[in-house]
1. Report those strands (runs of 3 or more DSSP E) wholly inside segment 234-283 carrying at least 1 residues which are within 13 Å of the chain's Cα centre (by Cα) and modelled with pLDDT of 95 or more.
2. What about Leu256, is it touching a strand residue (DSSP E or B) at 6+ places or on another chain (Cβ under 8 Å) and crowded, with 20+ Cβ neighbours inside 10 Å?
3. Suppose we filter Arg226, Arg185, Arg128 for residues that are farther than 30 Å from Ser290 by Cβ, at pLDDT 95 or above and in a loop (DSSP other than H, G, I, E, B); which single one remains?
4. So, Ala165, is that one without any contact (Cβ under 8 Å) to a residue 60 or more places away in the chain and either on the phi < 0 side of the Ramachandran plot or hydroxyl-bearing (Ser, Thr, Tyr) (or both) or not?
5. Which of the helices (runs of 4 or more DSSP H) found entirely inside segment 1-102 contain at least 2 residues meeting this: within 30 Å of Gly236 (Cβ to Cβ) and out of contact with any Phe, Trp or Tyr (no Cβ under 9 Å at 6 or more places or on another chain)?
6. Tell me whether segment 31-54 contains one or more residues that are in contact with a Cys (Cβ under 9 Å, 6 or more places away or on another chain) and in contact (Cβ under 8 Å) with a residue 24 or more places away in the chain.
7. Looking at Gly262, Gly228, can you tell me which residue is on the phi > 0 side of the Ramachandran plot and open to solvent by less than 10 Å² (accessible area, probe 1.4 Å)?
Amino acid sequence: MSELQTIGISALFDGESAAIAAVDRAIARAIETEGGFGIAEFPGAEDLDRRSRALLRFFDLTEDEKRQVATQAIEPAGQRIYRGYVCSFDPQNWAHNEFFDIGPDDPVGGPAVPGMEIFAETNIWPEREPVPGWRALMRRHHRDLQRVSLAVMFSAGRAFGFEEAAFKARFLGGNSTLRLLNYPRPPRSVQEKERALEMRLDEAGEMLAAGRHCDASGLSLLWQDRPGLQAEAPDGTWRDIPSTPNSISVHLGDVLSIMTEGSIQATPHRVVDHGETRQSVGFFLEPALSARLAPLRTSDQPEGHPSAGTYGWHLMNTFHQRDRHKALVPAPP
């Protein structure tokens, strides 16, 4: 199986116009032929692996310490609904993982609709830092990956004929998400193992830790501690995403596909289960809650109800349809 290419993007931050244009073209070719790509040589890349592993020390906290920052989806007494810790260790669940989410320190609200405020929650932090300086490192990593992801999106947009200003109008002020993910090996009985095999084998007999999906964000940046992540190319073949030192993979999201009218297609991806504990760090670039989820060439003002067609409306609708959030997030108007 072939691997996704990795593109050096330093020119997007300090290069001249010719070097920037070359990166734009390389990104466009990768999207058209491979569906996704890896990036390296961005600000902070030289420290990416060390920083990611330090952030993932969150999962070294005790169960009680993690539960203190859990969302109400798993802890009814929790202080948050959207930000915080979530685990899914029920043997009947397809997934067997846990994650911790933060957003910006100063989240921006959306339309004045009851329930919309959930998606502008402030962060919640464990009382004890897993390692000294962990909270500051989380905040710094969020800011750095916000900058990198915007630069990559602007580059892809230019390559497909979209103006940077159009993206800025919708994405600046977005409450993008930094997520720490842990996939521990599940202790299973024979029956539970058989059930897991039934749920998690793909049509080719591959055992999956995460099934085929596209992210709902503008784009996502994913760091992995070991190989396993794969991206589906436009021709339907799967390509391994190499676990290259100090690099991350870029996955285009549904939001970007909608806003570019399909010029930039979302990247289907999955994770193959190699029978080992696995950890990753994801960053999901999100538009503002008030941004219209519609082609960039249309008006940015939704029609009818002030929340109709906005990214915030989309989030409310998505979360309300999930079993564990249905009673916590109201249906959008």
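1. Details: elements: 238-240, 248-252, 269-272.
Once the strands (runs of 3 or more DSSP E) in segment 234-283 are filtered for at least 1 residues that are within 13 Å of the chain's Cα centre (by Cα) and modelled with pLDDT of 95 or more, what remains is 248-252.
2. Numbers: touching a strand residue (DSSP E or B) at 6+ places or on another chain (Cβ under 8 Å): yes; crowded, with 20+ Cβ neighbours inside 10 Å: yes.
Here the answer is yes, as Leu256 does meet what is asked.
3. Working: Arg226 fails: at pLDDT 95 or above; Arg185 fails: at pLDDT 95 or above.
The unique qualifying residue is Arg128.
4. Values: without any contact (Cβ under 8 Å) to a residue 60 or more places away in the chain: yes; either on the phi < 0 side of the Ramachandran plot or hydroxyl-bearing (Ser, Thr, Tyr) (or both): yes.
Answer is yes for this residue.
5. Values: elements: 11-14, 17-34, 48-55, 63-67.
In segment 1-102, the matching helices (runs of 4 or more DSSP H) lie at 17-34.
6. Looking for residues that are in contact with a Cys (Cβ under 9 Å, 6 or more places away or on another chain) and in contact (Cβ under 8 Å) with a residue 24 or more places away in the chain, one finds none in segment 31-54, hence no.
7. Answer to the check: Gly228.
Condition check ((1) within 18 Å of Ile102 (Cβ to Cβ); (2) modelled with pLDDT of 95 or more; (3) in a helix (DSSP H, G or I)) across all residues:
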site: Ala196; (1), (2), (3): no, no, yes
site: Met199; (1), (2), (3): no, no, yes
site: Ala209; (1), (2), (3): no, no, no
site: Asp215; (1), (2), (3): yes, no, no
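The values are calculated or read from the model by the stated rules, or taken from the named source; none is laboratory data. Quick caveat: nothing in here was measured; it's all calculated off a predicted structure. Backbone-built Cβ (ideal geometry, glycine too); neighbour counts: all protein chains shown. Ligands, DNA and RNA are excluded from the accessible area calculation, which covers all protein heavy atoms including side chains. Shrake-Rupley method; radii C 1.70, N 1.55, O 1.52, S 1.80 Å.
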